[in-house]
Amino acid sequence: MCPLGLDVSQNGNHVKTLESAGTIFEIDDSEILRNLERPRAINIERNRTFDQERPSNECLSPHGRRSGFNTPRSHTCFETHAMVAEAWENLRRSIVYYRTQPVGTIAAIDHSVEEELNYDQVFVRDFVPSALAFLMNGEEEIVKNFLLKTLHLQSWEKRIDQFMLGEGVMPASFKVIHNPERNREILIADFGESAIGRVAPVDSGFWWIILLRAYTKHTGDTSLAEMPDCQRGMRLILSLCLSEGFDTFPTLLCADGCCMIDRRMLNDIYRYKTEEYSHTAVNKFNVMPDSLPDWVFDFMPTRGGYFIGNISPARMDFRWFCLGNCVAILSSLATPEQSAAIMDLIEARWEELVGEMPLKICYPALESHEWRIVTGCDPKNTRWSYHNGGSWPVLLWLLTAACIKTGRPQIARRAIELAESRLSKDHWPEYYDGKLGRYIGKQARKFQTWSIAGYLVAKMMLEDPSHLGMISLEEDKQMKPLMKRSTSWTC
């Protein structure tokens with residue numbers, strides 16, 4: 001019986017009611033079980049790019065296998081902070097089981113809120129930091145189960161109202177319920193049909209591929225990624241995102257973090273000519289110099305730079321996005337010089353980007369007329385709250401990874417110490433509000449799983465930087481000349 005699954009045995013009609021809010025799947029586990037029981041092809045010589053020599057008295061996070069999820073971990077210097085043990089306890093409480101197998105972690109366990117909404121589901125995006133924590137602790141089963149379950153969910157027909165979604169779409173989330181009629185557990189997958197605004201998941205497929213690579217790099221087990229079903233799943237995801245016409249749509253030429261900005265480039269944009277008609281045009285997107293916001297002139301330090309948020313014809317979105325910039329570093333889309341500049345900016349603008357609780361999801365917040373136009377007067381995304389300049393502790397793991405890759409671990413250590421001063425006392429909130437991140441988010445859930453897992457991953461990665469190899473991509477030397485020609489960075 002699933003301890004965290006929703007038992008609807010008292011009313012079988014609940015299952016039928018849920019059919020209108022999500023897609024129900026009863027998966028044939030025979031193929032999955034065969035895959036799980038198949039002997040693994042282990043690559044003994046793991047490619048740990050970031051292995052480093054350490055003093056003999058330095059303690060590392062444990063890597064040994066465990067006999068079960070409740071087995072006490074060995075005591076190392078990693079556990080000297082009381083928050084670490086508490087975080088692991090909370091993370092294990094969030095584990096979801098499907099027919100006795102661990103398959104993920106729910107988004108939050110906040111018993112102080114009566115309405116669970118969808119926080120009792122396993123989200124693909126939210127599970128990534130949980131999965132990384134389990135992998136770093138030598139607990140691989142739950143990650144493999146999750147990858148296989150979501151892969152099978154991808155293969156089913158997906159509809160939002162009368163619209164058919166593409167084959168490659170991964171679910172945003174899923175949950176486990178008990179079907180009293182068949183006396184067995186079933187999965188309900190949400191492909192956006194229950195989301196606010198009926199938004200289909202965009203990033204789930206990318207995170208699934210990132211997690212599959214992390215699992216493969218950490219375990220040395222290539223058999224999972226080489227399965228025909230996994231290969232097909234990846235092809236479907238990439239076919240969906242790289243379909244014909246995708247690269248010619250102006251607003252999709254670059255995702256978050258599309259152009260590198262530093263003081264010199266700001267000066268170039270400020271002097272741009274407009275209405276240029278020629279293949280030699282410098283101002284290719286016809287960006288109007290008057291569209292440069294006043295705040296950006298004071299925000300840019302003498303040393304430092306960042307990838308701006310978005311670009312569209314005649315306008316640039318100059319906001320800072322933490323996730324996009326950290327991923328640019330980890331994926332080596334940013335050159336070493338650009339990566340260093342991003343770190344310089346974080347240090348120089350610590351109060352704005354970190355404040356009293358790391359980290360700002362974006363900066364600055366949209367206010368007044370701009371907030372009304374862009375968000376549609378969204379009451380949840382008021383200034384310095386939620387996705388509009390809120391502070392999200394989960395971003396700690398991405399910052400830590402970027403800091404280690406750029407040789408700036410002291411920045412991560414400072415941010416982690418800041419989080420440790422409040423996260424546990426505040427019961428692990430989802431996000432914080434305010435310009436400095438001083439207040440618990442007005443609609444934030446407590447005991448948010450990815451806030452807990454993000455902290456654990458950051459701590460373990462700082463203790464053992466070799467973990468970075470799971471999620472970091474090395475620079476492609478063949479692409480380097482092309483990137484130098486096409487980048488917007490100026491030196």
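The values are calculated or read from the model by the stated rules, or taken from the named source; none is laboratory data. Computed from a predicted structure; not experimentally measured. Reconstructed Cβ throughout: ideal geometry from the backbone, glycine too, with neighbour counts over all protein chains shown. The protein model used for the area step is the full one, side chains on, heavy atoms only, and it has no ligands, DNA or RNA in it. Shrake-Rupley method; radii C 1.70, N 1.55, O 1.52, S 1.80 Å.
Annotations
- Residues in segment 85-100 that are surrounded by fewer than 19 Cβ atoms within 10 Å (Cβ to Cβ) and on the phi < 0 side of the Ramachandran plot: Ala85, Glu86, Trp88, Glu89, Arg92, Arg93.
- Flag if Gly138 is assigned to a loop (DSSP other than H, G, I, E, B) and at pLDDT 95 or above: yes
- In summary, Tyr119 fulfils each of the numbered conditions (1) surrounded by 23 or more Cβ atoms within 10 Å (Cβ to Cβ); (2) aromatic (Phe, Trp, Tyr); (3) assigned to a loop (DSSP other than H, G, I, E, B) with the single exception of condition (1).
- Filtering segment 359-393 to residues that are under 21 Å from the mean Cα position of the chain (by Cα) and in a loop (DSSP other than H, G, I, E, B) leaves Leu359, Ile361, Pro364, Ala365, Lys380, Asn381, Trp384, Tyr386, His387, Gly389, Gly390, Trp392.
- Residues of segment 443-469 satisfying the condition of being open to solvent by 10 Å² or more (accessible area, probe 1.4 Å), modelled with pLDDT of 95 or more and either assigned to a loop (DSSP other than H, G, I, E, B) or assigned by the TED database to the domain that holds Thr216 (or both): Ala444, Arg445, Lys446, Phe447
- Check on Leu396, open to solvent by less than 50 Å² (accessible area, probe 1.4 Å) and assigned to a helix (DSSP H, G or I): yes
To keep it simple, each residue is scored yes or no on (1) crowded, with 21+ Cβ neighbours inside 10 Å; (2) in a loop (DSSP other than H, G, I, E, B); (3) touching a helix residue (DSSP H, G or I) at 6+ places or on another chain (Cβ under 9 Å).
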| site | (1), (2), (3) |
| --- | --- |
| Arg303 | no, yes, yes |
| Val327 | yes, no, yes |
| Ser332 | no, yes, yes |
| Glu347 | no, no, yes |
| Glu351 | no, no, no |
| Met357 | yes, yes, yes |
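- Under the condition of being among the aliphatic types (A, V, I, L, M) and surrounded by 16 or more Cβ atoms within 10 Å (Cβ to Cβ), the residues counted in segment 359-388 number 4.
- Answer from His369, His387 - the residue that is over 25 Å from Glu430 (Cα atoms) and in the same structural domain as Phe299 (by the TED database): His369
- Considering Ser112, Ser204, Ser130, the condition of being within 24 Å of Cys241 (Cα to Cα) and of a type in the set (S, T, N, Q) is satisfied by Ser204 alone.
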